[in-house]
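*Asks:* One structure is given below, represented as structure tokens, and several questions about it will come after.
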Amino acid sequence: MSETVIVAVENGAMRVTLNRPERLNALTAEMLDALRVAFARAASEAEVRAVLLCARGRAFCAGQDLGEAQAAYDLGAHVERHYTPLVLAMRDLPKPVVARVHGVAAGAGANLALACDIVVAGRSASFVEAFSRIGLLPDTAGTWMLPRLVGHARAMGLALLATPMTAEQAYAWGAIWSVADDDALETRCDELVAALAAAPTKALGATKRAMAQGWNNDLAAQLDVERDAQRALGTTHDFVEGVEAFTAKRPPAFRGD
Ligand code: LHQ
């Protein structure tokens, strides 16, 4: 079990905490392995219905540990081994992933946060595409996500200039879901994750998948995606429960199946 990535499952929610505060949670190979294991577990355990990615200390994550990166003989191999499967695991997980971001999120740390399905930032948060400062390009899906989230012009400014995007900017530009006062951030995120963990998991998973497919589909193909997903969701317990609860004017008790 890793001490630099702490994983706990409670009431349907998996909390994944980056825990290397003295290095601003800069990502080591051990941490990246542990993150991949955590997301694989989230995928395989039905008990897990939502994931919270958060961090200890004064920053969310300073990106790749530059001490280790310098020692890597081939950065491409490092990216392929550690970052590519992690981003794909997060995006392919048919369950919602929430990022709770406070303080700096830099480099791969910024892009890992932005790869989550819902990002809530404390007012102290900033997202820094720090790559150009050290002679690299935005990885961890930065070049794919940023233009989709904030548009080409802002993506280019963020990437080329490495100017921090504040929490308020990230919110105003549509890169994140919401901003909270730092002292309210933890409670806000816990409530959000609890609500997601009690939601109809299959429907949320299908929504996430369909939204991702939508980036590449034309309208007709996407309408087919929706039809097929709706057909499958129509056979779930949670659909029956949702309609019964609505009719009986009571809150639904979704089981996630
Ligand atoms: C760090 C780090 C760090 C090690 C702070 N590593 N120690 C790249 C290469 C290869 C393959 C795959 O992908 C990537 C992806 C990437 O993520 S590249 C981008 C890597 N990240 C950065 O370039 C950011 C580097 N850090 C910073 O620019 C600053 O530390 C930020 C802006 C995050 C925070 O600044 P401050 O609040 O002023 O804190 P600090 O700089 O004093 O940092 C505190 C300590 O943490 C310090 O150690 P020290 O012993 O002096 O207290 C830093 O050396 C250490 N630290 N980031 N990435």
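*Asks:* Within a Cβ distance under 13 Å of Q222, other residues only, what is the Lys/Arg minus Asp/Glu net charge?
*Replies:* Every neighbour counted, the sum reads -2.
*Asks:* Give the ranking of S44, S2 by solvent-accessible surface, highest area first, calculated with a 1.4 Å probe.
*Replies:* These residues rank, largest area first, as S44, S2.
*Asks:* Right, next: Using a ≥ b ≥ c from the Cα gyration tensor of the chain (square roots of the eigenvalues), is it rounded, prolate or oblate, where a/c under 1.5 gives rounded and otherwise the larger of a/b and b/c decides, a/b for prolate?
*Replies:* prolate
*Asks:* Could you please put V104, V16 in sequence from largest to smallest accessible area, using a 1.4 Å probe?
*Replies:* Greatest to least solvent exposure: V104, V16.
*Asks:* From the alpha carbon gyration tensor of the stretch 201-248, can you work out the equivalent ellipsoid semi-axes (sqrt of 5 times each eigenvalue) and give them in Å, largest to smallest?
*Replies:* Those come to 25, 10, 8 Å.
*Asks:* Further, regarding this structure: How far apart, in nm, are two points set 7 Å out from the Cα along the Cα-to-Cβ line at H152 and at A29?
*Replies:* A separation of 4.0 nm, rounded to one decimal place.
*Asks:* With each label point set 7 Å from Cα along the Cα-Cβ vector, what nm distance links R81 and H237?
*Replies:* Rounded to a tenth, the inter-label distance reads 4.2 nm.
*Asks:* Quick one: which residues, 5 or more positions from A106 or on another chain, have an amide H under 5 Å from its amide H? H modelled 1.01 Å from N in the peptide plane, none for Pro or chain starts.
*Replies:* Distant-sequence amide H within range of A106: C61, A62, G63, V128.
*Asks:* Quick one: which of 203-212, 226-235, 55-64 comes out on top by average Cβ neighbours within 10 Å, and what's the full order, highest first?
*Replies:* Order by mean packing, descending: 55-64, 203-212, 226-235.
*Asks:* From the backbone phi of the stretch 139-149, what are the Karplus-calculated ³J(HN,Hα) couplings (6.51 cos²θ - 1.76 cosθ + 1.60, θ = phi - 60°) in whole Hz, Gly and Pro given as x?
*Replies:* For the stretch 139-149, the Karplus-derived couplings read 10, 6, 6, x, 6, 8, 7, 4, x, 5, 7 Hz, x marking Gly and Pro.
The values are calculated or read from the model by the stated rules, or taken from the named source; none is laboratory data. As the structure is a prediction and not an experimental result, all values here were calculated from the model. Ideal geometry is used to build each Cβ from the backbone, glycine not excepted, and the neighbour counts take in all protein chains shown. We work out accessible area using only protein heavy atoms, side chains counted, and drop any ligands, DNA or RNA first. Shrake-Rupley method; radii C 1.70, N 1.55, O 1.52, S 1.80 Å.
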